[in-house]
Amino acid sequence: MSPPDEARRSPDRTERERLVAVLRELSFERKKVILASGRESDFFIDCKQAALTAEGHALVGSLMFDALDALPACEAVAGVELGGCPLASAVSLVSYVRGRPLPALYVRKEVKDHGSRRLVEGDKALRPGLPVVILEDVVTTGGSTLKAVEKLRAVGAEVVGVVALVDRLEGGAEAIRAAGLPLVAICTRRDFISD
């Protein structure tokens, strides 16, 4: 399913509308689930289902790259394992195409028990004080984001902000902001469920 030429050249508003449509079609489900935060919910947004399509990857990369303009300047983007990794790759690719190359970092939940034993993949791009923006698929409580902040700080990076694909509007954005980090959300729960 390739987008019409108009969608390829579209302004941000059209790209965002198309991303919401793809997320609704492939990622959003009304069902009872236990979230990573431990909370129970009556809906689930598995952003990977949309972000791992060719169109979704292009839309996510473009919109999240553009969202960086609302945050302090960064020199790398970091995705939290697993949902944030394709986001970081998509943004890194778009950044190169647009002439402002940003390396992607992948933040593991745990150190590998074999091989390189890295906590952060792409670590050759790291240097003390490297300004990094964390890219999240879904923010609920902000807990996984704040853990990733600590991991990046432990390897010398300076986290300067967060871009979320979806803010569930359940306190996560406020928790992240309370920790001193600005957050930009591309979509919110209201794009999928009316209050």
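Coordinate-derived values only; no laboratory data. It should be emphasised that the depicted structure is a prediction, and the values quoted were computed from it without experimental measurement. So basically every Cβ, Gly included, is an ideal-geometry build from the backbone, and we count neighbours across all protein chains shown.
Values as computed for the structure displayed
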item	result
Per-residue [θ]222 nm for the chain (sum of -39500 (n - 2.57) over DSSP H runs n ≥ 4, rounded to 500)	-10500 deg cm²/dmol
Beta bridges by DSSP in the chain, antiparallel share as percent, to the nearest 5	25 percent
Residues Lys109, Lys48, Lys32 arranged by fewest to most Cβ contacts within 10 Å	Lys32, Lys109, Lys48
Residues Tyr106, Tyr96 arranged by fewest to most Cβ contacts within 10 Å	Tyr96, Tyr106
Value in Å of the Kirkwood radius, where segment 138-194 supplies the Cα pairs that are averaged	11.6 Å
Eligible lysines near Lys147 by straight Cα distance, threshold 20 Å, same-chain separation 8 or greater	Lys109, Lys112
Rel. contact order, % - alpha carbon contacts under 8 angstrom, at least six apart, the chain	17 percent
Estimated translational D of the chain in µm²/s (Stokes, Kirkwood radius over Cα pairs; 4 °C; 1.567 mPa s)	77 µm²/s
